[in-house]
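Take a look at the structure set out below.
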Amino acid sequence: MGGSDEHIESMMHERRHFPPPRHGSERAHIPGPEAYDDLRDQAARDPEGFWAERAKALLDWDSEWDTVLEADWETPEFKWFAGGKLNACANCLDRHVASGRGEKTALIWQGEPEDDVRQFTYAELRDEVVKFAKVLKKWGVGKGDRVAVYLPMIPELPIAMLACARIGAVHSVVFAGFSAHSLQNRIQDCEAKVLITADAVIRAGKQIPLKTNGDEALEACPSVEHCIVVNRAGLDVAMHEGRDVWWHDAVAGDDGTDCPPESMDAEDLLFILYTSGSTGKPKGVVHTTGGYLTYTAQTTQWVFDIQEDDVYWCTADIGWITGHSYILYGPLALGATTVMFEGVPSYPQPDRFWQVVEKFKVTIFYTAPTVIRALMREGPQWTETRDLSSLRLLGSVGEPINPEAWMWYHDHVGKGELPVLDTWWQTETGGIMISAVPYATTLKPGSASQPLPGIEADIVDRDGEPVGPNRGGHLVVKTPWPGMLRNVYGDPARYKSTYFERFPGMYESGDSARMDEEGYFWIMGRLDDVINVSGHRLGTAEIESALVAHEAVAEAAVVGMPHEVKGQAIYAYVTLKSTFQENDELRKVLRQHVRTEIGAIATPEIIQFAPGLPKTRSGKIMRRILRKIAADETNAFGDTSTLADPTVIADLIDGKNLLG
Ligand code: ATP
Ligand code: MG
């Protein structure tokens, strides 16, 4: 083995497929396969013409661009719509107010306590943003300044982001579940001038202090001059004289004047956002104004088929890219109604998401496989007591969705009718890259379908040569797209080496995938997680999906462990559904199950039952930690700051020791 022949082996071939629904297609943005084929052809023939047309159709520009695209893969440097001017906030709010949507609901906020609901029309949301934009200005924030935002899922979060965009400041949102130390690193990295935070986070009925983390972080952040604090929970907090101010005091006595949106260059920074940190130290991904907004508006319109009367809910936290692009910028750029939820899926009980769907008659619902698997574990009965008939589309993002989880979502939430759109993308890509479109694509459970129009993705070997159908390799993108990252903040060398060095003229995603004979993409996992058993290189997703396909299994993670003969053997961590018992008999059954599902080579050497898996705070499995535990290297886990629940590590080590 070796050379360009060294591909990643695929063993699983899902055969089920689901044609697109007819009902709803009459008014869809892309009404069927023929219309879709035409659009793809157009985009492939003239990508710049395609994106220019989309940018004009979707956004209001203060002045038009000089060039659609300037691309230099070598430096690397990419500019979209250079010379064009626009403001992201004006595109998300003002223009909708001006065009008669002022009274339409822009944002529905459901707090964790059932009675905490706030709804904002486009006009109201604009007013709130204007008020806060003036506060920022008054505190010395101007165009190009960075603002760190460390807030729970409350309306002040999108208001603060849009206020930054309005005055041309760059927001850097840090997920409120991160520690003081993680916050500090991120503030230091971008040298923010202001920190916006809250007294506390409300989560699963508890109050978790947040301002104290802010204080601790600011002990070593000389760039921060002011800290603005939202009163979310009524917690008594220490206010630092001269530095800290309450949000409600800052906006009180507003004089009612406007704060006209700053006309920004298309390539001016809109925000910085750090990746989830599943594989290592998070990267400060930089997105700019014109390309990002075009791309998020475009993908929201085509993938979710947003219509004027839709109530659209993405369950992500705005602290992640999914929330940036698909709670905030995409839906608001289109003038849609977007739902924002403060709580968690399992509190007070596992029907909370469905209760929110019922309450607001949500039509489009976008969540993550980790949520689906957690709810699968609790059983389908929780989906049955709520009225889910308003739903018409379901989406998934964040990890590969195992075919069995896809089927569960489709059957129990979608009542066997609704399309499940598996959307593959990354913080770096700004928006969805590979996905079905609901009324034009035949779905295959476990596949993200095809690249969207204007996206040229491929699977290549380590020499950058296409591997051809049904062989696994590196997932790359071969042409620039408007939503692509423009830099790693303050670290152009890392920008180049991570994404553009290995394969000249291509963007390297870091994921492995295969393409089937119909051009459908199947994500196989992260390249860092590939397991090498006796010279066979195996992705994690297929083996995990085979495990999840067993009725007893809710979730599974596989890693390679050192093995004298095979080089590596497969070590599987398995979480059972709540009604099944952990025992040796089941271990045997599961090994046999994988063997018959996908073959002897993929049979786990060891199965450890694990009530919890190490996940990032955005819900992704961190296999690098599991790899260390499997190899008994339990003294150096590397950067664990992005880990959601550090106590699972000790439990897993105990579990391993019990196995002997
Ligand atoms: P880091 O880059 O710091 O390790 P991360 O990759 O987890 O963190 P994100 O940008 O939040 O940070 O996640 C993008 C990754 O999530 C993708 O590269 C892919 O591995 C995974 N992913 C997202 N959506 C899908 C999907 N639909 N199918 C399979 N994998 C997905
Ligand atoms: Mg990544």
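The values are calculated or read from the model by the stated rules, or taken from the named source; none is laboratory data. Remember, it's a predicted structure, so these values are computed and weren't measured experimentally. All Cβ positions, even for glycine, are placed from backbone atoms using ideal geometry, and neighbour counts span all protein chains on display.
Going residue by residue through segment 411-421, is there one that turns out to be among the β-branched types (Val, Ile, Thr), within 13 Å of ligand 1 (Cβ to nearest atom) and in a loop (DSSP other than H, G, I, E, B)?
no
Among the strands (runs of 3 or more DSSP E) lying completely within segment 41-121, list those that include at least 2 residues that are at pLDDT 95 or above and acidic (Asp, Glu). I'd like the intermediate steps shown before the answer.
Working: elements: 67-72, 77-82, 105-110, 117-121.
It comes to 67-72.
I'd like to check something: does segment 452-459 contain any residue that is within 16 Å of ligand 2 (Cβ to nearest atom) and either over 15 Å from Met524 (Cα atoms) or modelled with pLDDT of 95 or more (or both)?
yes
Every residue, every condition in (1) basic (Lys, Arg); (2) within 16 Å of ligand 2 (Cβ to nearest atom), yes or no:
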| site | (1), (2) |
| --- | --- |
| Gln381 | no, no |
| Arg392 | yes, no |
| Val397 | no, yes |
| His410 | no, no |
| Thr427 | no, yes |
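Against the conditions (1) outside any loop (DSSP other than H, G, I, E, B); (2) farther than 30 Å from Pro614 by Cα; (3) of a type outside the set (Gly, Ala, Ser); (4) touching a Ser or Thr at 6+ places or on another chain (Cβ under 7 Å), where does Arg377 fall short? Just the number, please.
Against the list (1) outside any loop (DSSP other than H, G, I, E, B); (2) farther than 30 Å from Pro614 by Cα; (3) of a type outside the set (Gly, Ala, Ser); (4) touching a Ser or Thr at 6+ places or on another chain (Cβ under 7 Å), Arg377 comes up short only on (2).
Mind listing just one residue for me: the one in segment 378-395 that is over 13 Å from His412 (Cβ atoms) and out of contact with any Pro (no Cβ under 6 Å at 6 or more places or on another chain) and, of those, surrounded by the most Cβ atoms within 10 Å (Cβ to Cβ)?
First, pick out the residues of segment 378-395 that are over 13 Å from His412 (Cβ atoms): 387, 389-390, 392-393, 395.
Next cut, out of contact with any Pro (no Cβ under 6 Å at 6 or more places or on another chain) only: 387, 389-390, 392, 395.
Numbers: Asp387: 12, Ser389: 10, Ser390: 15, Arg392: 21, Gly395: 26.
Result: Gly395.
Evaluate segment 535-558: report whether one residue or more is within 16 Å of ligand 2 (Cβ to nearest atom), at pLDDT 95 or above and β-branched (Val, Ile, Thr).
Within segment 535-558, one or more residues are within 16 Å of ligand 2 (Cβ to nearest atom), at pLDDT 95 or above and β-branched (Val, Ile, Thr).
Please list, ordered by first then second residue, the pairs with beta carbon atoms under 8 Å, 6 or more apart or interchain, first in segment 264-280 and within 16 Å of ligand 2 (Cβ to nearest atom) and of a type outside the set (S, T, N, Q), second modelled with pLDDT under 95 and part of a strand (DSSP E or B).
What qualifies is Gly277/Thr616.
Has segment 29-40 got any residue that is in contact (Cβ under 8 Å) with a residue 24 or more places away in the chain, under 27 Å from the mean Cα position of the chain (by Cα), part of a helix (DSSP H, G or I) and closer than 23 Å to Asn470 by Cα?
Yes, segment 29-40 contains a residue that is in contact (Cβ under 8 Å) with a residue 24 or more places away in the chain, under 27 Å from the mean Cα position of the chain (by Cα), part of a helix (DSSP H, G or I) and closer than 23 Å to Asn470 by Cα.
Look at Lys143 and say whether it is assigned to a helix (DSSP H, G or I) and either modelled with pLDDT of 95 or more or of a type in the set (Phe, Trp, Tyr) (or both).
The answer is no for Lys143.
Filter segment 482-532 down to the residues that are part of a loop (DSSP other than H, G, I, E, B), under 17 Å from Ile455 (Cα atoms) and of a type in the set (A, V, I, L, M) and list them by number.
Met484, Leu485, Met506, listed by residue number.
Name the single residue, out of those in segment 502-529 being of a type in the set (A, V, I, L, M) and within 18 Å of the chain's Cα centre (by Cα), that is surrounded by the most Cβ atoms within 10 Å (Cβ to Cβ). Before the answer, list the steps.
Within segment 502-529, the first condition is being of a type in the set (A, V, I, L, M), and the residues that meet it are 506, 513, 515, 523-524, 527.
Pick out the ones that are also within 18 Å of the chain's Cα centre (by Cα) and you get 523-524.
Details: Ile523: 23, Met524: 28.
If we take residues in segment 502-529 being of a type in the set (A, V, I, L, M) and within 18 Å of the chain's Cα centre (by Cα), then Met524 is surrounded by the most Cβ atoms within 10 Å (Cβ to Cβ).
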